């Protein structure tokens, strides 16, 4: 006569049950990582849209700039509305140019310096706006797995402690605690992988856009320098 | 940023919902009941539950008292023992040499008596004493000390006795001199003389056995050397006594832990625990059922324990019974049929809720 005890077939193994069974430390880690993941994706979507907008704006501006329109007209039309990218660099340079000529130019070299500085400042501001919040992606990408691992280690520790307390080593007793602890690492990886990929992609894109704007600034600086050379001696002579 | 955040939140909600639905009930692994390497904890019952016998034998307290006779007596058997085959293994010597020595000691004791009798001189007594001491009693040191102590004690007595005898009977002087000497020799010398003679006897036996073995062929000798089995007692079952009622195997078959798990899993799949069982503590049900060698259910499963009067308890018991019926036929190792022919399964829905 063979006798055996039959326990009920497995309990609830859903995601929610796994989360709910976890200790508060692991819950905190999971919630934090979930929040990080949400914020990461928000940044990724936001940056992607912003970069697309910026690229379109640069293309449009370049088209207008090289269309042969007079710079005065372009400045008048741009200064009235919000500008981004090359437009703001152009506006900053033109504003400095205008201010200098309204008060009379003393030295062409200092004017050139001021215009360059204004353009540099505008470029820096643009780059800052482009690269804002990218640090968060880098942090999540590098620290996310560690945070998840921390949750897993704590979870496994507590589950082993409870196993020791219950005195049962049945696999059915051991497995749920470990699965629940591993969920923390899973969420950490889930947050970290997109963050790392997006960080690399967005950094490269931002560098490309920044290079384009820098190139425009140099070009515009050269044009203005030619203009100064043409205009200042005339005015000085007059 | 708002658009990005809201989109991200929406996406996460979607992913979590999908995860809840797809990961909510991970499908249990479909395991075939294949035991690649059966590992089991072997309890002592495996040996203690020795049930070898004949299944067709009538039930009896003791086998029929037919006088035991040993058939198949090998002709020209040279060896002694219960073995069916004539094994040239020498009977393993029983390691009891010392008690035997003490037992054999008395017979030689009378022998030395005649030899000392011709010695009339008292001086002869000390002469044999030194001889046995180096020959036999080198190892046991306490014995020589004991001998030395009794020697001086009787010696002072010896001179006194002859003096008294001499005083009483001066004519028969030689006779009393010889008479008191043997009793002294018996007390003091007999233990010494017994011991030197024993090794001689043993040597004689050894030489006799070696001369016997020389007659045998070399192969037999080698086989005898290699064979460390006891020559007697290892024979096949040759008793004519009727076999007792029992199983076909020597030991009681037992399902291994993994085989039990397999049966458990097979029943578990079909078990629908009754919903709405609030106090699951009292819902333990034990079901007994018989199985045919093909794994089919034989007869109706019987509820052995549990399934009380309450409505929920009865439904729980019924659900357990239904699970057993629905899952038949069971896939179990056929060579252990005797172990699972009659099974009791305890259903415990406590972990269900």
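Just a few scattered comments:
- Residue A:22 fulfils the conditions (1) surrounded by fewer than 18 Cβ atoms within 10 Å (Cβ to Cβ); (2) within 30 Å of residue A:160 (Cα to Cα); (3) away from every other protein chain (no Cβ under 14 Å) except for a single criterion, (1).
- Here is the figure for the stretch A:31-64: residues that are crowded, with 20+ Cβ neighbours inside 10 Å and farther than 22 Å from residue A:199 by Cα total 1.
- Among the criteria (1) surrounded by fewer than 18 Cβ atoms within 10 Å (Cβ to Cβ); (2) within 27 Å of residue A:40 (Cβ to Cβ); (3) within 29 Å of the chain's Cα centre (by Cα), the one residue A:179 does not fulfil is (3).
- The set of residues in the stretch B:294-345 that are farther than 15 Å from residue B:259 by Cβ, away from chain A (no Cβ under 14 Å) and assigned to a loop (DSSP other than H, G, I, E, B) comprises B:294, B:296, B:307, B:308, B:309, B:310, B:328, B:329.
- Given (1) within 11 Å of chain A (Cβ to nearest Cβ); (2) at pLDDT below 80; (3) crowded, with 17+ Cβ neighbours inside 10 Å, index of the condition residue B:350 fails: (3)
- Residues that are touching a helix residue (DSSP H, G or I) at 6+ places or on another chain (Cβ under 6 Å) and at pLDDT 80 or above, drawn from the stretch B:292-322: B:293, B:301, B:303
- Boolean, residue A:151 is at pLDDT 90 or above and either farther than 30 Å from residue A:40 by Cα or surrounded by 15 or more Cβ atoms within 10 Å (Cβ to Cβ) (or both): yes
- Check on residue A:218, more than 19 Å from the chain's Cα centre (by Cα), at pLDDT 90 or above and in a helix (DSSP H, G or I): yes
- The single residue among A:51, A:65, A:90 that is out of contact with any strand residue (DSSP E or B) (no Cβ under 6 Å at 6 or more places or on another chain), modelled with pLDDT of 85 or more and within 14 Å of chain B (Cβ to nearest Cβ) turns out to be A:51.
The values are calculated or read from the model by the stated rules, or taken from the named source; none is laboratory data. Values in this document were obtained by computation on a predicted structure and should not be read as measured data. A quick note on method: Cβ atoms are made from the backbone with ideal geometry, for glycine too, and the neighbour counts reach across all protein chains shown.
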